[in-house]
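Q: Here it is, the structure in full.
Just so it is clear, none of the values below were taken in a lab; they were calculated from the coordinates. Every value quoted in this text rests on a predicted model; they were computed, and no experiment measured them. So basically every Cβ, Gly included, is an ideal-geometry build from the backbone, and we count neighbours across all protein chains shown.
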Amino acid sequence: MNYGVVIKILGYLLLIESALMVPSLLVALHYEGFDWTSFLISILITAVVGFIMSRSFKYRENIQAKEGLAIVGSGWFLVSVFGALPFVFSGTIPSWTDAFFETVSGFTTTGATIIDNVEILPKGILFWRSFTHWIGGMGILVFTVAILPMLGIGGFQIFKVESPGPTADKIAPRVRDTAKILYTTYIAITILEILLLVLGGMSLYDTLLHTFGTVGTGGFGIKNTSLGAYDSTYIHLVIGIFMMFSGVNFSLYYSFFKGKWREVLKNEELRQYLGIIIIAVVLIALDIYTIMYDSFGLALRDSFFQTSSIITTTGYSTVDFDRWPTFSKAILFLLMFVGGCAGSTAGGIKNIRILVLLKIVKREISKIFHPRAVIPIKVDGRSISDETVAGITSFFVLYIIIFILGTIIISLEGIDFESSASAVAATLGNIGPGFRFVGPSTTYSQFSDASKLLLSLFMLLGRLELFTLIALFAPKVWKNEILPKNR
């Protein structure tokens, strides 16, 4: 293990985080909030620690797979610890466990909260809370790769570990260029949503915070009733559409801008993703219309918003969907596992994995009739390697095992099955709200500290797609390798 480069890059990561706290400090000063001192202290502490770490160690300029795992796994934990400082110092969340839970939820774009009344929080804290969604959406380490020239060598190891999906394809030959393209697209979508929401009459402050949560697919609300506080079909539709956009593989936007429209339209994962949304919206709309709504148009609007919110793992709500019929809730629960597309800011298992798993099932059925046939798994006309297929299968099995074990452990608190299962599914899938005990009108504040820490682990596992954190516990990752003398 090249500890020098790991610690040095983690130091740079903290320096970047301290700089990213500055906008929240400026917001606090603008609104003359008492929280400005907490941001100033947090910035200084984070910057000093980051500076010491980035200057105190020698390193070899190469990052192998082990270093990539260590940097990403440790990096997400580290930014969450230091990101919790403003909450603790301001007294808005005095408990370290609660502050850590809230910060992990922010950076992993989960949106699960322990705050029962968010409307009493100062403006600066609210801004930082939502801004963590935008930072974590694309990945703070991808941002690091994009702006730090020193990571030009071996930066792909970081990019590969942090990128969501079974594979990490580079859009451009250089990883830094790929990261810049992704962030340019990310920023462009952010600016477009800001403009549309402002045109819809939402204040600039509210617009910024909701855009951070939408594009980052996070979902921290700034009103106790989330987006239900805005009685505007226009606002609901804009945010619903942009949540759906944010669940699409960002590399497809680059292909679209390059004029490769046919390639985008023929993308199997995108077509499955949109197909699932359309089917879920129609089924839920018909179900809630016949039981709860007088207007089919209104039922269709709310169905679209919640479907888009859940499948993209954003977690915003316009209504208390926990009161919907069992059929509609069952569809939403299944969408929690599906998630968005690979290469998006959404969580969940990802559509590409579901697509490949369905093709595996189809192949096994075909082999019943043609046992000697060699049938490759193809996506978009390209064969998927056996290694990738095995990885997808292993991921799915591990995901379900963690979900089952997590549900059993959380239920030890005496919480009913529906609440326990949805709490684990909502944190592991980076969604936020679930049903009953953790429904859209409640919070996670009633869980014990032990459960909050466990759910925080699930959020990190979900954001880093399981294997990254689990691999950190393997002794081989941290073992120093002795190089041959002739090298």
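Q: Tell me which residues come under 5 Å, amide H to amide H, from residue 114 once H is placed; ignore anything under 5 positions away on its chain.
A: 444
Q: Of 329/367; 123/452; 260/367; 8/258; 329/350, which pairs sit farther than 28 Å apart, going by alpha carbon to alpha carbon?
A: From 329/367; 123/452; 260/367; 8/258; 329/350, over 28 Å: 329/367; 260/367; 8/258.
Q: Given H placed 1.01 Å from N in the peptide plane, which residues other than close sequence neighbours of residue 342 have an amide H under 5 Å from its amide H?
A: It is 351, 352, by chain and number.
Q: Can you sort 460, 192 from fewest to most other Cβ atoms within 10 Å of each residue's own Cβ?
A: So the residues, fewest neighbours to most, are 192, 460.
Q: Related question: Could you please report the charge total around residue 399, scoring K, R as +1 and D, E as -1 over all other residues with beta-carbon less than 12 angstrom from its beta-carbon?
A: +1
Q: Amide H to amide H, which residues 5 or more places from residue 379 or on other chains are under 5 Å from it, using H placed in the peptide plane?
A: Excluding prolines and chain starts, which carry no amide H, the hits are 384.
Q: Give me a comma-separated list of calculated 3J(HN,Hα) values for segment 374-386, in order, Karplus coefficients 6.51, -1.76, 1.60 applied at θ = phi - 60°, integers in Hz, x for any Gly or Pro.
A: Coupling constants for segment 374-386: 9, 10, x, 8, 10, 10, 6, x, 10, 5, 8, 5, 4 Hz.
Q: Note the full-extension length gain between residue 224 and residue 441 as 0.36 nm times their separation in residues minus their Cα-Cα distance, in nm to one decimal.
A: 77.3 nm is the gain from fully extending residue 224 to residue 441.
Q: Ok, one more. Quick one: what are the phi-derived ³J(HN,Hα) couplings along segment 348-359, Karplus 6.51/-1.76/1.60 with θ = phi - 60°, whole Hz, x for glycine and proline?
A: x, 5, 5, 4, 5, 5, 4, 4, 5, 4, 5, 5
Q: Work out, step by step, the length gained on full extension between residue 453 and residue 256: first 0.36 nm times the residue separation, then minus their alpha carbon distance; give nm to one decimal.
A: Extending this stretch completely gives an extra 66.8 nm.
Q: Quick one: 3J(HN,Hα) in Hz for segment 7-23, Karplus 6.51/-1.76/1.60 with θ = phi - 60°, rounded, Gly and Pro as x.
A: Working through the residues one at a time gives 5, 5, 5, 4, x, 4, 4, 5, 4, 5, 4, 4, 5, 6, 7, 4, x Hz.
Q: Round to the nearest 0.05 the FRET efficiency obtained for residue 195 and residue 378 when R0 = 35 Å and r is the Cβ-Cβ distance.
A: 0.30
Q: Taking the mean number of other Cβ atoms within 10 Å as a proxy for protection, how do you rank 96-106, 32-42, 213-223 from highest to lowest?
A: Ranked from most to least packed, the peptides come out as 213-223, 96-106, 32-42.
Q: Gain in length, residue 364 to residue 470, computed as 0.36 nm per residue apart minus the alpha-carbon separation, to one decimal in nm?
A: 35.1 nm
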